[in-house]
Amino acid sequence: MAVLIFFSSAFLLSLSVFLFRNKLATRLISLLYALIHIGLTIHSWMNLNSTELIYFTFSSSGVLLLAILSLLTIPTFYHGFVYTAKDDIRKYNIYHASLILLMTFMSGAYLANGMTVLWIFVEATTLAVAALIYHDRTEMALEATWKYVFICSTGIALAYLGILFLGFIYGRGDAANLTFENLSVIIDKANPLYLKIAFLFVLVGFSTKMGLFPMHTVTIDAHSVSPPPVSALISTTLMNVGFLSIFRVYSLFASSPIRSFMNNVLILAGILSLLIAAGYMLKAKHLKRMLAYSSLENMGLVAIATGIGGEGYYAAFLIIVLHSLIKSSLFYQMGQLSRVLHTFKLDDCGRYMALYPAGSLVLITGVICILGIPPSGLFISEIMIFRAMVTGSNWAVLIITFFLLCFVIYAMTTRTMHIVFSDPRSIPDQPQVTSVRAVETVSQFILLGLVVILCFYQPPFLTDIIKSNILTLGSF
Amino acid sequence: MVNYLIVLFSVTLVYFAAAERLIIYIRLLAIQGLLLCGIAVFELNEINTVNLLFIVTETLIIKTLLIPYLLSRIISRSGVSKVHRQATPGFYLLLLSILSLLVSVILAGAMINQYINVIYMAVALYTLLTGLLLIITHKLIISHLIGFLIVENAVFMFSLAIGSRMPALINIGILLDIFVGVLILGFFGLRLKPHTNELTMLKD
């Protein structure tokens with residue numbers, strides 16, 4: 001019943017944003033939606049593993065990611081209000097209605113208990129994101145939107161083929177209606193070749209959402225032109241949708257003979273993601289693209305951690321949680337940085353500390369956190385990954401990962417220090433105006449504060465829900 | 001009868017690799033829509049009438065008429081009639097296409113299943129590989145669009161291969177896919193770089 005109320009109210013609220021044509025009404029509606037979303041999260045947390053409307057189950061992994069989305073709803077709306085403040089009412093309303101739809105579709109994907117329903121919600125997120133990337137209506141925005149819709153649709157079509165392969169395993173017309181639970185019963189009897197092909201299709205297809213190699217380019221381009229609060233969602237909660245889709249199939253197939261094949265593929269995809277992220281970050285000229293490559297690096301780590309197994313499973317979920325908090329705060333900060341410096345080109349950026357100290361502190365703290373330097377919670381997860389590699393004697397993977405992470409750390413720190421303390425390398429076209437209030441950084445400091453707290457203390461409700469996600473994988 | 005239609009469908013795929021004029025691509029897509037309609041009518045003998053009518057409309061009106069019409073408009077607007085000169089030459093593409101066909105046949109043979117028709121599986125895989133080949137080896141936006149539409153046809157073929165009753169959820173999935181395809185064509189195809197049909201702005 002709660003799911004039905006959530007979906008119907010979300011669609012009604014999204015529609016009413018168009019109808020009211022008033023910015024204050026839009027703000028109130030968005031706030032109401034955020035409260036409803038938080039209500040759904042609380043309800044789902046209290047009713048773990050129960051099923052509603054046949055197609056939705058409050059699984060622990062879905063609820064964990066739903067909680068992260070709930071946490072980010074209010075800051076995302078707030079920064080969206082600031083970003084779109086000067087837009088005309090039509091653009092303003094399209095933005096917020098699409099944002100509500102995007103959050104609703106992502107929630108649907110988290111809670112879906114079958115592959116086809118999951119796929120439908122993932123495809124729907126592409127349409128909502130497209131409207132948001134195109135928000136500024138520039139030629140570059142059009143090109144980025146085109147690339148996003150095109151590559152995502154092709155990728156998701158491939159993922160759909162993977163789902164159809166699951167149908168071939170079952171061999172019945174209603175195979176697509178089967179839930180993950182029902183499919184898990186027949187996986188052991190399936191032809192391993194079918195499973196391998198299905199896994200590869202699903203991995204490549206949903207990589208468009210997770211931002212993982214080989215479909216990473218789609219999110220990189222989208223980041224460079226989309227509004228910063230939208231980048232915050234693309235880089236965190238939407239990537240989490242991709243991760244969850246892949247992880248669900250991985251968990252489903254884990255009891256089959258192809259487990260080691262899946263592990264090797266994930267490790268390979270992870271290392272290649274890290275390699276590309278490190279290479280491009282070293283020559284990055286655009287700040288938001290650099291952050292996008294940082295997301296690629298983190299998703300690469302998640303893939304490696306999942307492939308390594310053991311403690312790695314826990315570390316993967318911890319990275320997902322922490323990366324969402326850190327990267328969203330960094331992208332929110334990009335909105336303020338662009339209003340102070342009027343550019344994302346690294347050569348034109350500089351003296352940020354002098355112009356906007358609060359923003360500079362967010363930037364420095366955020367970069368420290370995203371690089372996994374203590375007191376960042378990511379430090380704990382990276383230690384866990386390295387420990388899992390040592391335990392599993394994956395020495396080659398350990399050395400390569402460590403080596404590539406050094407490049408990432410060098411690239412990000414030098415560029416951040418340049419933005420914060422150095423003078424711009426070239427003289428910017430527009431005069432620099434510091435009219436941004438320090439209070440706008442409050443939500444970013446809160447999110448980063450949570451990341452620091454999680455380095456020293458992980459509350460039982462978090463550790464329990466992560467452990468229940470990986471219980472069936474027999475690891476922790 | 002279905003087998004003849006499937007073989008005919010695979011012939012259109014070979015033709016895709018050899019053709020260099022965009023108008024040929026559009027005609028081939030229209031023919032594929034028609035063939036898919038025929039395959040669906042003969043194959044889905046256990047489906048209810050409403051669902052079958054829906055699929056026939058989907059293939060005849062959207063795949064055979066609407067999509068080729070939109071593509072023709074994009075071509076006449078851009079004035080680009082042939083594939084990009086930097087695209088892989090037709091001869092090599094034909095070789096790659098035949099290689100894809102071989103790979104598809106071998107893979108389909110290795111995946112023998114009591115529920116699956118091997119010819120379906122081989123042609124569906126071949127359709128998928130042809131679509132991806134077109135996307136990878138061509139430079140123009142319109143070629144990428146056509147590649148995407150071929151991948152969509154592959155999805156349709158796979159969903160037909162799953163059995164004689166197309167489940168409602170799969171139907172919704174395919175409908176959503178087609179909706180995205182039409183959206184891409186109608187919205188982006190007509191706006192993006194109408195004169196050069198190339199993408200250049202976003203790069204590192």
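The values are calculated or read from the model by the stated rules, or taken from the named source; none is laboratory data. Everything quoted here is computed from the prediction, not taken from an experiment. Note that we place each Cβ from the backbone using ideal geometry, even for glycine, and neighbour counts take in every protein chain shown.
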Test: residue in the stretch A:99-115 that is part of a helix (DSSP H, G or I), farther than 19 Å from A:ALA25 by Cα and either facing another protein chain (nearest Cβ under 10 Å) or of a type in the set (Lys, Arg) (or both): yes
A:VAL17 vs. criteria over 21 Å from the mean Cα position of the chain (by Cα) and surrounded by 15 or more Cβ atoms within 10 Å (Cβ to Cβ): yes
Residue that is under 23 Å from B:LEU35 (Cα atoms), more than 9 Å from every other protein chain (Cβ to nearest Cβ), part of a helix (DSSP H, G or I) and modelled with pLDDT under 85, where the choices are B:PHE156, B:PHE179: B:PHE156
Leading residue by the ranking (nearest to A:VAL362 (Cα to Cα)) among those in the stretch A:281-293 that are in contact (Cβ under 8 Å) with a residue 12 or more places away in the chain and out of contact with any Leu (no Cβ under 8 Å at 6 or more places or on another chain): A:LYS288
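A quick yes/no check of all residues on (1) at pLDDT 95 or above; (2) of a type in the set (S, T, N, Q):
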{"site": "A:ALA2", "(1), (2)": "no, no"}
{"site": "A:THR26", "(1), (2)": "no, yes"}
{"site": "A:LEU32", "(1), (2)": "yes, no"}
{"site": "A:SER60", "(1), (2)": "no, yes"}
{"site": "A:ASP87", "(1), (2)": "no, no"}
Residue check, A:LEU13 part of a helix (DSSP H, G or I) and in contact with a Leu (Cβ under 9 Å, 6 or more places away or on another chain): yes
For A:LEU69: the one exception among (1) surrounded by 15 or more Cβ atoms within 10 Å (Cβ to Cβ); (2) over 13 Å from A:TYR110 (Cβ atoms); (3) at pLDDT 95 or above: (2)
Options A:SER235, A:SER251: the member that is surrounded by fewer than 22 Cβ atoms within 10 Å (Cβ to Cβ), touching a residue at least 60 places away in the same chain (Cβ under 8 Å) and within 20 Å of A:ALA109 (Cα to Cα): A:SER251
Out of A:SER260, A:SER231, sole residue that is part of a helix (DSSP H, G or I), over 17 Å from A:MET210 (Cβ atoms) and of a type in the set (S, T, N, Q): A:SER260
Elements of type helices (runs of 4 or more DSSP H) contained in the stretch A:350-447, each with 3 or more residues being over 24 Å from A:VAL82 (Cα atoms) and modelled with pLDDT of 90 or more: A:357-370, A:377-391, A:395-421
Of all residues in the stretch A:190-228 being in a loop (DSSP other than H, G, I, E, B) and within 14 Å of chain B (Cβ to nearest Cβ), the one that is surrounded by the most Cβ atoms within 10 Å (Cβ to Cβ): A:SER226
Yes/no for B:PHE91 being more than 14 Å from every other protein chain (Cβ to nearest Cβ) and either over 19 Å from B:ASP177 (Cα atoms) or out of contact with any strand residue (DSSP E or B) (no Cβ under 7 Å at 6 or more places or on another chain) (or both): yes
Conditions (1) within 14 Å of chain B (Cβ to nearest Cβ); (2) in a helix (DSSP H, G or I); number of the one not met by A:ALA284: (2)
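Only one of B:ILE74, B:ILE26, B:ILE61 is under 16 Å from the mean Cα position of the chain (by Cα) and either more than 29 Å from B:PHE188 (Cβ to Cβ) or crowded, with 18+ Cβ neighbours inside 10 Å (or both). Can you tell me which?
On inspection, the qualifying residue turns out to be B:ILE26.
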Single unsatisfied condition, B:LEU129 versus (1) modelled with pLDDT under 70; (2) more than 7 Å from chain A (Cβ to nearest Cβ): (1)
Qualifying residue in the stretch B:77-95 (condition: at pLDDT 80 or above, crowded, with 20+ Cβ neighbours inside 10 Å and under 14 Å from the mean Cα position of the chain (by Cα)): no
Inter-residue pairs, beta-carbon under 7 Å, first polar (S, T, N, Q) and in the stretch A:256-271, second surrounded by fewer than 15 Cβ atoms within 10 Å (Cβ to Cβ), 6+ apart: A:SER256/A:ASP188; A:SER256/A:PRO192
Selection from the stretch A:332-349 of residues that are closer than 18 Å to A:ALA85 by Cβ and not in a loop (DSSP other than H, G, I, E, B): A:TYR332, A:GLN333, A:MET334, A:GLY335, A:GLN336, A:LEU337, A:SER338, A:ARG339, A:VAL340
Residue match in the stretch A:321-337 (condition: out of contact with any strand residue (DSSP E or B) (no Cβ under 9 Å at 6 or more places or on another chain), modelled with pLDDT under 95 and surrounded by fewer than 20 Cβ atoms within 10 Å (Cβ to Cβ)): no
Exclusive hit being surrounded by 22 or more Cβ atoms within 10 Å (Cβ to Cβ), over 23 Å from A:ALA159 (Cβ atoms) and not aromatic (Phe, Trp, Tyr), set B:ILE112, B:ILE142, B:ILE150, B:ILE146: B:ILE142
